[in-house]
Amino acid sequence: MNGTGFTVEFATARPMRLARWWAQVLDWTVDTGSPEPVVRPAGPPGVPLLFTAASREKTGKNGVHLDLRSESHEHERTMLLRLFNAGARFADVGQGEDVPWVVMTDPDGNELCLLEPRKSDVDTGAVHSVVVDSADPALDAQRWTETTPLIAVHREPHLVALHAPDRTGPYLEFLNAHGPGTKLRVRPQGTEQPE
């Protein structure tokens, strides 16, 4: 089990191609020792990204997305150029103009956000958080804290953030929003059923 207690699963028509893309932009490695490619951080912290085969292309907004961390404004610019030069494209998911992040999509159209630098006492690694659209963030967070080692570290009416007790790795955030969630899923480690 990894320290986060969860895995992000991408369903794609081209698993190896998309795995290599994410490994390149995050500067992580592709583990091909599994039946399906897994992108893993070069060292902790991080969260495994599993790439499974899908027969259909993505349509609509995902119900799960990754928020990528930037350490400084210079690092944010570098990451933005790295993403764009690798094939990420800017996207509008209704975020407005005054948000402290940039919304983009990977080559399969999976949404991601590049966050402005923010102070934190948590070492998240390249992926700051995995954000899950939820009709009831408190209930979903409770389910996860009861069945995984994650603990609640932040609560608002529209958002509950969970984290590993050792304060490393990305947050798992449940956000009061709705998306079909057909191509990205989060599943607890040690389970076969996706979330």
Q. Near the amide H of residue 124, under 5 Å away, which other amide H atoms are found, from residues 5 or more places off or on another chain, if H is placed in the peptide plane?
A. 169
Q: Work out from phi, with θ = phi - 60° and the Karplus expression 6.51 cos²θ - 1.76 cosθ + 1.60, the ³J(HN,Hα) of each residue of the stretch 100-113, listed in order in whole Hz, and give x for Gly and Pro.
A: x, 7, 10, 9, 9, 10, 7, x, 8, x, 6, 5, 8, 10
Q. What's the exposure ranking of 115, 66, 139, going from fewest to most Cβ atoms within 10 Å?
A. 139, 115, 66
Q) Roughly speaking, what is the stretch gain from residue 138 to residue 154, that is 0.36 nm per residue apart minus the C-alpha to C-alpha distance, in nm to one decimal? A) 4.7 nm
Q.
Let me check I've understood the local charge: for residue 114, count other residues with C-beta under 14 angstrom from its C-beta, Lys and Arg +1, Asp and Glu -1. What total comes out?
A. -2
Q: Considering the convex hull of the alpha carbon atoms of the stretch 6-188, report its projected area averaged over all viewing directions, in nm², one decimal.
A: 10.2 nm²
Q) Considering only 120, 29, 149, whose Cα is most displaced toward the positive end of the charge dipole of the stretch 6-188, charges sitting on Cβ of Lys, Arg (+1) and Asp, Glu (-1)? A) 29
Q. Over the chain, what is the percentage of antiparallel beta bridges among all DSSP beta bridges, to the nearest 5?
A. 65 percent
Q.
Cut-off 10 angstrom, C-alpha nodes, Gaussian network model of the chain. Which of 88, 53, 152 fluctuates the most?
A. 53
(Q) If the only charges are +1 at each Lys and Arg Cβ and -1 at each Asp and Glu Cβ, what is the size of the charge dipole of the chain around the Cα centre, to the nearest 20 debye? (A) 500 debye
Q.
On a full-extension model of 0.36 nm per residue, what is the gain between residue 31 and residue 57, subtracting their alpha-carbon distance, rounded to one decimal in nm?
A. 7.0 nm
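Given Cα pairs under 8 Å that are at least 6 residues apart, what percent is the relative contact order of the stretch 35-162?
Worked out over the stretch 35-162, it gives 26 percent.
Taken together, the values in this text are just the output of simple stated rules run on the coordinates, not laboratory data. Given the structure is predicted, the values throughout are model-derived calculations rather than measurements. Positions of Cβ are backbone-derived with ideal geometry, glycine not excepted, and every protein chain shown enters the neighbour counts.
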